[in-house]
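K.L.:
Okay, handing you the structure first.
Any read-out appearing in this document is the output of simple, stated calculations on the displayed coordinates, not a laboratory observation. This structure is a prediction, so every number in the text was calculated from the model and none was measured. In this analysis, Cβ positions are derived from the backbone assuming ideal geometry, glycine residues included, and neighbour counts consider all displayed protein chains.
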């Protein structure tokens, strides 16, 4: 039965298409002009080919130099320090073997950096985190620039890695691209217990030894962290946008099912090259429908606020212009179907067991909230309401379950946790930003209180430790945007503000910085733009100014006479104090050229919107 598309989903898609008409047309002209008429390596000289095959095994060398097998380029984010990416160590050989079985060659085209926000939270290195997305995109481009590949496989999981890989995949949009995850680690310490210990440590009621024990029991083995932060939101996005095989997002590492999915992804990549009968170039697959599907999936699951930055950035790579209003309008019509930490006690393993991505996609399709005719690497998204399993040791798919296995974690569209999605556009005299409301209790979504202004998260934590914050207030943490210091996550504020809220105080956060995918129970208007470093209104806020943050209504009000506020001089930003050490001084070019947060805080200008 054909389900009528939700009119808001239809309208948002149409306006993205209309807004992007010229840039999308130029993009499609670019990738279509590069559509191969033969194997990509046929453009190379004999000397080029000799270099491209010199390190290969004999069978691959023979095929590259003269025979008729397609070549798959692997871009990998493997390193063995990061739990999410450690499983990728064994993938290249697995992929090479699977490729040979279907008469294809696979080569590691290049590696990309993969930093972990969990390691750099609250540390100086976090100032490189957001821009690592764009370095990853460029590093991927270098790997693919050998121009010898007929398809690409992208191995990545975590926060900035997948968006960076997507940007590169779309700039090489004439190539078919499949994204291959590693899966989440098995469940460890329950999330409510982890939060309890963190808050006790913030109040100096337990020592560092207890905190370290809790953290180590939470993050304990290879695989992605199990909370629903940016990494796992990435995997949901790749699936609902069709860059995964159906059901690939959340099987655990090292299992037979995960191995079978990786082998199948390889063989699918070989089948969708221009030389086959089902050519599926990434830049043609990913269109306005795909982007809208991704935003709807994000809202339905209460996903990471970081994607309010990443989706506009990678959409632009395909010539598509996406705005915060698009997010807000889709959020209003998308019911919240999942409660995964920090929006609930469960983790992604519980979500997967309750029905996971197949059930989610089926429910959203049934409500007309997804474009079922949007295309993915395995077919139309209408065919992604499936789950993989092993039948006599062979990979197969079956329809997703018709009912949730646990409605405390995953619900149908006719019984959602909330009638609308997990994110709000925040607007008012202080600028424009976003607020994740899915983890905030309704009674705490409205805060009106005097401002306390800080120029760093450390300054706020010092005030807390000095006992100066036992009151109602709105914390304004500024000079944290991309142009100021690279927009590090301010996740370290969550335990402090959570303690104060639990003490009965009305507290909220307003910042031109960002929180993490683990943004929690505190109402927070983040990504405020224009940012303070660009003279935005947030730079004119003073201690004692009354701010009203209404997350339910999406309003960020300032109870100060407008004329008096406009006459104030903004607090000065002193770029001569540019950060030094840990390579931060090497990123001046990124800070100087970053777009606004609403446009993805990206140094790239794919849409031609900046001079």
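K.L.:
Packing-wise, with mean Cβ within 10 Å as the measure, how do 340-349, 53-62, 239-248 rank, highest first?
P.N.:
Values: 340-349: 23.4, 53-62: 14.0, 239-248: 26.3.
With the highest mean Cβ count within 10 Å placed first, the list reads 239-248, 340-349, 53-62.
K.L.:
Any idea what Rg and Dmax come out to for region 286-355 if you just take the C-alpha atoms, in Å?
P.N.:
13.1, 39
K.L.:
With the cut-off at 19 Å, report for region 31-93 the share of all Cα pairs above it, as a whole percent.
P.N.:
Pairs farther apart than 19 Å: 49 percent.
K.L.:
Quick one: work out the % antiparallel among DSSP beta bridges in region 423-599, nearest 5.
P.N.:
Values: 17 of 30 bridges.
If we restrict to bridges inside region 423-599, about 55 percent are antiparallel.
K.L.:
Quickly work out the residue 147-to-residue 43 label distance, labels modelled 7 Å from Cα along the C-beta direction, and quote it in nm with one decimal.
P.N.:
Each label point lies 7 Å from its Cα, and together they span 0.4 nm.
K.L.:
Sticking with this one: Please report, to one decimal in angstroms, the Kirkwood hydrodynamic radius of region 1-135 built from all distinct Cα-Cα pairs. All intermediate terms of the calculation are to be shown ahead of the outcome.
P.N.:
Numbers: mean 1/r = 0.0516 Å⁻¹.
Final number for the Kirkwood radius of region 1-135 is 19.4 Å.
K.L.:
Run the simple label-point estimate for residue 209 and residue 561 please: 7 Å along Cα→C-beta, distance reported in nm.
P.N.:
Using points 7 Å along Cα→Cβ, the separation is 6.0 nm.
K.L.:
Per-residue ellipticity at 222 nm for the chain, helices alone: DSSP H runs ≥ 4 residues times -39500 (n - 2.57), over residue total, nearest 500 deg cm²/dmol?
P.N.:
It comes out at -11000 deg cm²/dmol, rounded to the nearest 500.
K.L.:
Another question, if that's okay. Go ahead and run the numbers for FRET between residue 18 and residue 585, Cβ-Cβ distance against an R0 of 45 Å, rounding to 0.05. Provide the component values of the computation, followed by the final result.
P.N.:
Numbers: r = 42 Å, r/R0 = 0.94.
With R0 = 45 Å, the Cβ-Cβ based efficiency is 0.60.
K.L.:
Let me ask another. If the convex hull of the alpha-carbon atoms of region 104-259 is projected onto planes in all directions, what is the mean projected area in square nanometres? Show your work: numbers first, answer last.
P.N.:
On the way: hull surface 42.3 nm².
Average of the hull's projected areas for region 104-259 equals 10.6 nm².
K.L.:
So what is log10(I(q)/I(0)) for region 220-282 at q = 0.23 1/Å, when the Debye sum runs over its Cα atoms only?
P.N.:
After summing over all Cα pairs, the log10 values are -1.03.
K.L.:
Along each principal axis of its Cα atoms, how long is region 423-599 end to end? Whole angstroms, biggest number first, please.
P.N.:
44, 38, 32
K.L.:
Looking only at Cα atoms, what is the convex hull volume of region 96-192 per residue, in Å³? Mind dumping the intermediate values first?
P.N.:
Details: hull volume 12.1 nm³, N = 97.
That works out to 124 Å³ per residue.
K.L.:
Could you order peptides 543-551, 81-89 by the average number of other Cβ atoms within 10 Å of their residues, highest first?
P.N.:
Values: 543-551: 18.3, 81-89: 20.9.
Per-residue Cβ counts within 10 Å, averaged per peptide and sorted highest first, yield 81-89, 543-551.
K.L.:
Next question, about the same structure. For the ranges 22-28, 32-38, 166-172, what's the packing order if you count other beta-carbon atoms within 10 Å of each residue, average per peptide, and put the highest first? Let's see the in-between values first.
P.N.:
Values: 22-28: 16.3, 32-38: 12.1, 166-172: 27.3.
By packing density, highest mean first, the sequence is 166-172, 22-28, 32-38.
K.L.:
In square nanometres, what is one fourth of the surface area of the convex hull spanned by the alpha carbons of region 400-478? Display every interim value, and only then the final one.
P.N.:
Values: hull surface 33.3 nm².
The directionally averaged projection comes out at 8.3 nm².
K.L.:
Something else: When DSSP assigns beta bridges and you keep just the ones with both residues in the chain, what percent turn out antiparallel, to the nearest 5? Don't jump to the answer; show the numbers that get you there.
P.N.:
Details: 27 of 56 bridges.
Within the chain, antiparallel bridges account for around 50 percent of the total.
K.L.:
Let me ask you something else. Taking Cα atoms, how many degrees apart are the long axis of helix 21-33 and the longest axis of the chain, rounded to 10 and kept between 0 and 90?
P.N.:
30
K.L.:
Right, something else. Compute the long axis of helix 161-171 from its Cα atoms, compare it with the longest principal axis of the Cα atoms of the chain, and write down the angle in degrees, 0 to 90, nearest 10.
P.N.:
Approximately 50 degrees, to the nearest 10.
K.L.:
So for region 503-555, considering every pair of alpha-carbon atoms, how many percent are separated by more than 14 Å?
P.N.:
Numbers: 835 of 1378 pairs.
Result for the distance tail: 61 percent.
K.L.:
Which whole-percent values make up P(r) of region 256-327 when all C-alpha to C-alpha distances are grouped in 10 Å steps starting at zero?
P.N.:
17, 34, 34, 16, 0
K.L.:
Please report, to two decimal places, log10 I(q)/I(0) for region 439-502 at q = 0.19, 0.28, 0.29 Å⁻¹ as given by the Debye formula with identical point scatterers on the Cα atoms and no solvent.
P.N.:
At q = 0.19, 0.28, 0.29 Å⁻¹ the computed log10 ratios are -0.80, -1.35, -1.38.
K.L.:
By what distance, in whole Å, do the Cα atoms of region 364-435 stretch along each of the three principal axes, largest value first?
P.N.:
Over region 364-435, Cα extents along the principal axes are 62, 30, 22 Å.
K.L.:
Rg to Rh for region 1-43: what is it, with Cα atoms only and Rh by Kirkwood? Let's see the in-between values first.
P.N.:
Details: Rg = 16.9 Å, Rh = 13.3 Å.
Here the Rg-to-Rh quotient is 1.27.
K.L.:
Moving on. May I have the convex hull volume per residue, in Å³, for the Cα set of the chain? Could the numbers behind the result be given before it?
P.N.:
On the way: hull volume 94.2 nm³, N = 611.
Considering the Cα atoms of the chain, their hull volume per residue is 154 Å³.
K.L.:
Return, for the Cα atoms of region 341-484, the radius of gyration and Dmax in Å, separated by a comma.
P.N.:
21.6, 64
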